[in-house]
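Colleague: Pasting a structure here, questions to come.
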Amino acid sequence: MATLRLRALRKSYGTAEIIKGVDLDIADREFAVFVGPSGCGKSTLLRMIAGLEEITDGDLFIDGARVNEVGPADRGLAMVFQSYALYPHMSVRDNMAFALKLAGASKAERAAKVAEASRILQLDAYLDRKPKDLSGGQRQRVAIGRAIVRHPKIFLFDEPLSNLDAALRGQMRIELARLHRDLAATMIYVTHDQVEAMTMADKIVVLQAGRIEQVGSPLELYHHPANLFVAGFIGSPRMNLLPVRVVSGDPAGVRVGLPGGGEVVVPVDSTRAAPGTGVTLGIRPEALKPGAEGALAGAVRHVERLGGLTLAHVAVTDSAVADGATVVAQIEGSAPVRVGETIRLTIDPGATHLFDGEGRALPHQSRHPLAA
Amino acid sequence: MSTPSTAPAKGRRFNGLPLIGPSVTVLLIWMIVPLVMTVWFSLQRYNLLDPTVTGFAGIDNYEFLVTDPDFWASLANTLILVGSVLAITVVGGTLLAVLFDQPFPGRDVARLFAIAPFFVMPTVAALIWKNLMMHPIYGVFGAAARALGLPAVDWFADHPLLSVILIVSWEWLPFALLILLTAVQSLDREQLEAARMDGAGAVAQFVYIVLPHLSRAISVVVMIETIFLLTVFAEIYVTTAGGPGNATTNLAFLIYARALLQYDVGGASAGGVVAIVLANIVAFFLVRTIARRLEV
Ligand SMILES: Nc1ncnc2c1ncn2[C@@H]1O[C@H](COP(=O)(O)OP(=O)(O)O)[C@@H](O)[C@H]1O
Ligand SMILES: [Mg+2]
């Protein structure tokens, strides 16, 4: 059992408030990912949970007990640092056994726990090496091993994969997910990479400038972003955002006018959208497909061919605006688009979103089946 | 594209001897000539007080040296001086380095003051300590003792070697602090945080993380200081002139006394050869241990 509860948590350095009141619950055995742009306070929040940063205001509960004043070693947490922070003069074995040694564990107990961790992480062959004689991925595993041997209530990871190359990162993602299943542990994982967040999380916490923007499962955030920030942050390539005007509220949703004269009905609650108001239309790149009767038209400015997929950057023709907005359409790899030609794009209304003047999403009329 | 990479490699493997030859020759002459002359004089009868006595002395000078109780006393004094100053500066420097690494108001000024003594030249430092600090009547220590109602200590009469050790330590502590402080500052903070998460308190962090991190810098401090401490001279010359008796005579001062107070060039040269041998023994062990350490 390991649950975490944050209540109105705040952190200031001098007069600069970095964490501006965070409320969050993390359930037992949950894999929670804090994601947000660099400098938004993810590491600070994680370090406050770890006990490495003092909590300026608010309450932190682990398993229901308030731990604001409990030291980092006594909170029963283990942390994997971005730089790994291995002890360079100790062997891999001693690195992993260090916490146990300080806790006064017997030699036999230490050996057993190190053996168990090194078996899980396939480090047996390297136990007598120094960290400098290991590759980046192996160091990463030692850092994780150092956490495992302590059997912590909660694992904390601060951008653990950001120093690895892309291939290794993909592999470690899978290993970490497997580890989470095998250990049945609560984990909190900090990253600025939304792919890591989407692929590993049970629950994603999107942070911006010291505040939580939205909490939810990966697909909930993808299909029902609460605001413009989350909509733009989650998903790659980014959601296309177009400034549009409400034409009318239909029973089926809100009808908005598109640049170039077309219209589309977005299936969202129409009570807050008076005709004529300016709103932001969000369209996922995969919701745009070439089609003769498409509602959007524009010139192809740039084509990125990824093989299986093609990303077409289309400058939308707009009679009102001389230089229309550019949208990205994610279409088939074999689609015969060429730079310079004019194409029409159809919009799948189910993958569109509307955001009001403050950037808040208008609620969809029905939930996406995968985002319960 | 596929130009064989052996061409530049071959070019780089040219014979460099003509280029380094001149400097090696100069350095060899620079070193060899004084060394050979010292060894040569140490085998001669050569006393400026009696220039008529000349000729080959064989090992007489050495025999005279090792049968002289002053020599063994000076050897002991040299080792005590070097050992004590090393201990004080390394231990004190390490503790001060860790202290000055902590954030506290006025830290930068404090650092500056702590490092300042290193820039005072040895004769001046010795004069300051002799006349302003340790003098039983005018000195700060004496005044402090009297203020507490204690008898003033005549440092150079009662604890001569200790006094010299204190002065030399005062001069070298800033050096150790400077080197060790930069080393402490290069310690990855996340390692300390990881240790905190692992349950290490302040002492355990120091012992298991900070000290091992400093070991390389400590060896460098020990090596450099040893080389200079073996030849401490000005401090002794200014404060005690080797006395009282031979209480503060180290090898460097003994050689000076032989050559320029007793005008016995032959005997002084024999002492010089012993100093060279001693320095080389120390250097041998130091370089070996440090070379091993630097590999880590
Ligand atoms: N010790 C500190 N003193 C002052 N500001 C800090 C300190 N540590 C972090 N910050 C600031 O807090 C903000 C959040 O930092 P951090 O939590 O590291 O962001 P990230 O989300 O990239 O991990 C940054 O703007 C950073 O400048
Ligand atoms: Mg960070």
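The values are calculated or read from the model by the stated rules, or taken from the named source; none is laboratory data. Because the structure is a prediction, the values reported are computed rather than measured. Neighbour counts are summed over all protein chains in view; Cβ atoms, including those assigned to glycine, are modelled from backbone coordinates with ideal geometry.
Colleague: Which of (1) surrounded by fewer than 17 Cβ atoms within 10 Å (Cβ to Cβ); (2) under 29 Å from B:Leu96 (Cβ atoms) is the odd one out, the single condition B:Leu229 does not satisfy?
Modeller: Condition not satisfied by B:Leu229: (1).
Colleague: Here is a follow-up. Scan region A:84-100 and tell me whether some residue there is within 16 Å of ligand 2 (Cβ to nearest atom) and closer than 21 Å to B:Val210 by Cα.
Modeller: Going residue by residue through region A:84-100, those that are within 16 Å of ligand 2 (Cβ to nearest atom) are A:84-85.
Within this subset, residues satisfying the condition of being closer than 21 Å to B:Val210 by Cα are A:84-85.
Yes.
Colleague: Which members of region A:352-363 meet the condition of being within 20 Å of the chain's Cα centre (by Cα) and either over 19 Å from A:Gly276 (Cβ atoms) or not in a strand (DSSP E or B) (or both)?
Modeller: Answer for region A:352-363, where residues must be within 20 Å of the chain's Cα centre (by Cα) and either over 19 Å from A:Gly276 (Cβ atoms) or not in a strand (DSSP E or B) (or both): A:His353, A:Gly359, A:Ala361.
Colleague: Does at least one position in region A:353-363 carry a residue that is assigned by TED's automatic domain parsing to the domain that holds A:Leu241, over 19 Å from A:Pro225 (Cα atoms) and of a type outside the set (Phe, Trp, Tyr)?
Modeller: Within region A:353-363, none of the residues are assigned by TED's automatic domain parsing to the domain that holds A:Leu241, over 19 Å from A:Pro225 (Cα atoms) and of a type outside the set (Phe, Trp, Tyr).
Quick grid of which residues meet (1) in contact with a helix residue (DSSP H, G or I) (Cβ under 7 Å, 6 or more places away or on another chain); (2) surrounded by fewer than 20 Cβ atoms within 10 Å (Cβ to Cβ); (3) at pLDDT below 90; (4) assigned to a strand (DSSP E or B):
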{"position": "A:His180", "(1), (2), (3), (4)": "no, yes, no, no"}
{"position": "A:Ile188", "(1), (2), (3), (4)": "yes, no, no, yes"}
{"position": "A:Val205", "(1), (2), (3), (4)": "no, no, no, yes"}
{"position": "A:Pro259", "(1), (2), (3), (4)": "no, no, yes, no"}
{"position": "A:Val265", "(1), (2), (3), (4)": "yes, yes, no, yes"}
{"position": "A:Ala274", "(1), (2), (3), (4)": "no, yes, yes, no"}
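Colleague: Condition first: within 17 Å of the chain's Cα centre (by Cα) and within 14 Å of chain B (Cβ to nearest Cβ). Now tell me which residues in region A:156-184 satisfy that.
Modeller: Of everything in region A:156-184, those that are within 17 Å of the chain's Cα centre (by Cα) and within 14 Å of chain B (Cβ to nearest Cβ) turn out to be A:Leu156, A:Phe157, A:Asp158, A:Glu159, A:Pro160, A:Ser162.
Colleague: Which residues, taken from region A:137-159, are within 16 Å of ligand 2 (Cβ to nearest atom), surrounded by 24 or more Cβ atoms within 10 Å (Cβ to Cβ) and farther than 17 Å from A:Arg75 by Cβ?
Modeller: Answer for region A:137-159, where residues must be within 16 Å of ligand 2 (Cβ to nearest atom), surrounded by 24 or more Cβ atoms within 10 Å (Cβ to Cβ) and farther than 17 Å from A:Arg75 by Cβ: just A:Ala143.
Results for (1) part of a helix (DSSP H, G or I); (2) within 16 Å of ligand 2 (Cβ to nearest atom); (3) more than 14 Å from chain B (Cβ to nearest Cβ), shown as yes or no for each residue.
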| site | (1), (2), (3) |
| --- | --- |
| A:Ala2 | no, no, yes |
| A:Arg5 | no, no, yes |
| A:Glu17 | no, no, yes |
| A:Asp23 | no, no, yes |
| A:Asp28 | no, no, yes |
| A:Phe34 | no, yes, yes |
| A:Gly39 | no, yes, yes |
| A:Ser43 | yes, yes, no |
| A:Glu53 | no, yes, no |
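Colleague: Can you find even one residue in region A:83-90 that is in contact (Cβ under 8 Å) with a residue 12 or more places away in the chain and more than 12 Å from chain B (Cβ to nearest Cβ)?
Modeller: no
Colleague: Consider region A:55-71. How many of its residues are surrounded by 18 or more Cβ atoms within 10 Å (Cβ to Cβ) and in a loop (DSSP other than H, G, I, E, B)?
Modeller: Final tally of qualifying residues: 2.
Colleague: Could you please let me know if B:Leu214 is assigned to a helix (DSSP H, G or I) and at pLDDT 90 or above? Outline the logic, then answer.
Modeller: Numbers: assigned to a helix (DSSP H, G or I): yes; at pLDDT 90 or above: yes.
So B:Leu214 passes the test.
Colleague: Among (1) of a type in the set (Gly, Ala, Ser); (2) within 14 Å of another protein chain (Cβ to nearest Cβ); (3) out of contact with any strand residue (DSSP E or B) (no Cβ under 8 Å at 6 or more places or on another chain), there is one condition A:Ser106 misses while meeting the rest; what is its number?
Modeller: Unmet for A:Ser106, out of (1) of a type in the set (Gly, Ala, Ser); (2) within 14 Å of another protein chain (Cβ to nearest Cβ); (3) out of contact with any strand residue (DSSP E or B) (no Cβ under 8 Å at 6 or more places or on another chain): (2).
Colleague: Can you tell me which residues in region A:47-102 are at positive phi and among the hydrophobic types (A, V, I, L, M, F, W, C)?
Modeller: Within region A:47-102, A:Ala85 is the sole residue that qualifies.
Colleague: State whether one or more residues within region A:99-111 are among the aliphatic types (A, V, I, L, M), assigned by TED's automatic domain parsing to the domain that holds A:Met172 and buried (at least 21 other Cβ atoms within 10 Å of the Cβ).
Modeller: The initial filter retains those residues of region A:99-111 that are among the aliphatic types (A, V, I, L, M), namely A:99-100, A:102-103, A:105, A:108, A:111.
When the remaining residues are screened for being assigned by TED's automatic domain parsing to the domain that holds A:Met172, the result is A:99-100, A:102-103, A:105, A:108, A:111.
The next check asks that each one be buried (at least 21 other Cβ atoms within 10 Å of the Cβ); those that pass are A:99-100.
Yes.
Colleague: In this structure, does A:Ile188 turn out to be among the hydrophobic types (A, V, I, L, M, F, W, C) and more than 16 Å from ligand 2 (Cβ to nearest atom)?
Modeller: Criteria not met by A:Ile188.
Colleague: Ok, one more. Inside region A:130-150, can you point out the residues that are free of Cβ contacts under 8 Å to residues at least 40 places away in the same chain and away from chain B (no Cβ under 13 Å)? Reasoning before the result, please.
Modeller: Initially, region A:130-150 is screened for residues free of Cβ contacts under 8 Å to residues at least 40 places away in the same chain, giving A:133, A:135-138, A:141.
Those that are free of Cβ contacts under 8 Å to residues at least 40 places away in the same chain and away from chain B (no Cβ under 13 Å): A:Ser135, A:Gly136, A:Gly137, A:Gln138, A:Arg141.
Colleague: Continuing with this model, one more query. Testing B:Ser219 on (1) touching a strand residue (DSSP E or B) at 6+ places or on another chain (Cβ under 6 Å); (2) closer than 23 Å to B:Phe118 by Cβ, one condition comes back false. Which one is that?
Modeller: (1)
Colleague: Here is a further query. Counting residues that are more than 29 Å from B:Gly243 (Cβ to Cβ), which helices (runs of 4 or more DSSP H) fully inside region B:31-121 reach at least 2?
Modeller: Details: elements: B:60-66, B:69-101, B:107-115.
Here the list reads B:69-101, B:107-115.
Colleague: What's the total number of residues in region A:232-257 that are crowded, with 17+ Cβ neighbours inside 10 Å and not in a strand (DSSP E or B)?
Modeller: Of the residues in region A:232-257, 4 are crowded, with 17+ Cβ neighbours inside 10 Å and not in a strand (DSSP E or B).
Colleague: Does region A:189-248 hold any residues that are under 18 Å from A:Ala32 (Cα atoms) and among the charged types (D, E, K, R), and which are they?
Modeller: A:Asp193, A:Glu196, A:Asp202, A:Lys203, A:Arg211, A:Glu213, A:Glu220
Colleague: Also: A:Met198 - would you say it is under 18 Å from A:Gly235 (Cα atoms) and among the hydrophobic types (A, V, I, L, M, F, W, C)?
Modeller: Spelling it out, A:Met198 is indeed under 18 Å from A:Gly235 (Cα atoms) and among the hydrophobic types (A, V, I, L, M, F, W, C).
Colleague: For B:Ala241, indicate whether it is surrounded by fewer than 20 Cβ atoms within 10 Å (Cβ to Cβ) and in a helix (DSSP H, G or I).
Modeller: No; evaluated as a whole, the condition is false for this residue.
Colleague: What are the residues in region B:193-208 that are surrounded by 18 or more Cβ atoms within 10 Å (Cβ to Cβ) and either away from chain A (no Cβ under 13 Å) or assigned to a helix (DSSP H, G or I) (or both), if any?
Modeller: Step one: list which residues in region B:193-208 are surrounded by 18 or more Cβ atoms within 10 Å (Cβ to Cβ), which gives B:193-200, B:205, B:208.
Within region B:193-208, B:Glu193, B:Ala194, B:Ala195, B:Arg196, B:Met197, B:Gln205, B:Tyr208 meet the criteria.
Colleague: Still on this model: Can you find a residue in region B:209-216 that is buried (at least 21 other Cβ atoms within 10 Å of the Cβ), closer than 26 Å to A:Asp158 by Cα, in contact with a strand residue (DSSP E or B) (Cβ under 6 Å, 6 or more places away or on another chain) and within 14 Å of chain A (Cβ to nearest Cβ)?
Modeller: No: zero hits.
Colleague: Restricting to region A:196-215, count the residues that are within 17 Å of A:Cys40 (Cα to Cα), among the small types (Gly, Ala, Ser) and away from ligand 2 (no atom under 16 Å from the Cβ).
Modeller: 0
Colleague: Can you pull out the residues in region B:32-58 that are farther than 23 Å from B:Leu260 by Cβ and either surrounded by 10 or more Cβ atoms within 10 Å (Cβ to Cβ) or at pLDDT 85 or above (or both)?
Modeller: Kept after step one, since they are farther than 23 Å from B:Leu260 by Cβ, are these residues of region B:32-58: B:32, B:56, B:58.
Of everything in region B:32-58, those that are farther than 23 Å from B:Leu260 by Cβ and either surrounded by 10 or more Cβ atoms within 10 Å (Cβ to Cβ) or at pLDDT 85 or above (or both) turn out to be B:Ile32, B:Gly58.
Colleague: Which condition from (1) more than 15 Å from ligand 1 (Cβ to nearest atom); (2) more than 14 Å from chain B (Cβ to nearest Cβ); (3) buried (at least 17 other Cβ atoms within 10 Å of the Cβ) is the one that A:Asn95 breaks?
Modeller: Looking at each condition in turn, A:Asn95 falls short on (2).
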